[in-house]
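Heads up, the thing below is written out as structure tokens.
The values are calculated or read from the model by the stated rules, or taken from the named source; none is laboratory data. Bear in mind that the values here come from a model prediction, so they are computed numbers and not experimental data. Cβ sites come from the backbone with ideal geometry, for glycine too, and all protein chains shown count toward neighbours. These area figures cover heavy atoms from the full protein model, side chains too; ligands, DNA and RNA do not enter into them. Shrake-Rupley method; radii C 1.70, N 1.55, O 1.52, S 1.80 Å.
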Amino acid sequence: DMKVTQMPRYLIKRMGENVLLECGQDMSHETMYWYRQDPGLGLQLIYISYDVDSNSEGDIPKGYRVSRKKREHFSLILDSAKTNQTSVYFCASSPRDRANTEVFFGKGTRLTVV
Amino acid sequence: KTQVEQSPQSLVVRQGENCVLQCNYSVTPDNHLRWFKQDTGKGLVSLTVLVDQKDKTSNGRYSATLDKDAKHSTLHITATLLDDTATYICVVGDRGSALGRLHFGAGTQLIVIP
């Protein structure tokens, strides 16, 4: 069953707290992504991971870091969350050489920072 | 600068009617274009992917066209159902592999009424 799973689905944090968003996939895809989606905007790439410990910044990496210690698992970390990081966060995965034909998204994590 | 523009922003149709969603882009190179459906509060589900210079695809009641010369794509939904209510997102990939980037439109919100 091809699936990208995100946990938690909903999260409320206070400003300054640390946040951990988790993502797993069961397809052995080399590449995984973290995006955020804000109203009226297209999804914006935060980080991309090409495989274990091979991570690159996306278009809006400031305030975020990632960890990929296993191919099936990709974490997004917010150290000292800010209110402007309130958003819906999506994880995705794709095979390295077939990103044009296969990309799968999780259901998203709605993060509210108060 | 937004490289993928979708129109209309929102659209209301009656169940059974047909509708057409537009996507114009300036992404270069344009390796492929994909249409996603996003139900409220859910993740993105791929409807179709177009690859060729002038391409057409069909997936049930969904059909799509791509003209890379015009940098333009359309998504046609035939005989709409209430379950078609969702946001439809156009995404342009600048490479076929994960080394490329995906460029997202902000989406067209389709509402199907009885």
- Take the alpha carbon atoms of the protein assembly as shown, find their radius of gyration, then divide it by 2.2 N^0.38 Å using N residues; give the quotient. 1.01
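With +1 on the Cβ of every Lys and Arg and -1 on the Cβ of every Asp and Glu, and nothing else charged, how large is the dipole of chain A about its Cα centre, in debye rounded to the nearest 20? Before the final figure, lay out the partial values.
Values: 16 positive and 14 negative charges, 80 e Å.
Approximately 380 debye in magnitude.
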- Task: Compute, for residue A:10, the solvent-accessible surface of its heavy atoms (probe 1.4 Å) with the complete set of protein chains present, and express it in square angstrom to the nearest 10.
- Result: 150 Å²
- Per-residue accessible area for residue B:5 at 1.4 Å probe radius, Å² rounded to 10? 100 Å²
- Message: Past 23 Å, Cα to Cα: identify those pairs from A:3/A:62; A:13/A:70; A:70/B:42; A:70/A:107, in the order given.
- Response: A:3/A:62; A:13/A:70; A:70/B:42
- How big is region B:1-99 by Rg and Dmax over its Cα atoms, in Å? 13.3, 42
- Task: Could you tell me the accessible area of residue B:113 in Å² (1.4 Å probe, neighbours in place), rounded to the nearest ten?
- Result: 60 Å²
- Note on the structure: Partner shielding of B:89-95, taken as the mean number of other chain Cβ atoms within 10 Å, equals 2
- Note on the structure: Rounded to whole angstrom, the alpha-carbon centroid of region B:1-67 lies from that of region A:66-96 at a distance of 26 Å
- Kindly write out, for region B:32-47 in residue order, the coupling ³J(HN,Hα) from the Karplus curve 6.51 cos²θ - 1.76 cosθ + 1.60 (θ = phi - 60°), rounded to whole Hz, with x marking Gly and Pro. 8, 9, 10, 9, 10, 10, 10, 5, 4, x, 10, x, 8, 10, 6, 9
- Task: Determine the sum of side-chain charges near residue B:61: Lys and Arg each +1, Asp and Glu each -1, restricted to other residues whose C-beta is under 14 angstrom from that of residue B:61.
- Result: -2
- Task: Pull up the cross-link candidates among the aspartates and glutamates for residue B:37, meaning alpha carbon to alpha carbon under 12 Å and not fewer than 8 places away within one chain.
- Result: B:83, B:84
- Gaussian network model of chain B, Cα springs within a sub-10 Å range: biggest mean-square fluctuation belongs to which of B:97, B:63, B:73? B:97
- For chain A, what percent of Cα pairs sit more than 17 Å apart? 50 percent
- Message: Can you compute the equivalent ellipsoid semi-axes for region B:47-114, i.e. the square root of 5 times each eigenvalue of the Cα gyration tensor, sorted largest first and rounded to whole Å?
- Response: 24, 14, 10
- Task: First select every other residue whose beta carbon is under 9 angstrom from the beta carbon of residue A:68; then total the charges, Lys and Arg +1, Asp and Glu -1.
- Result: +1
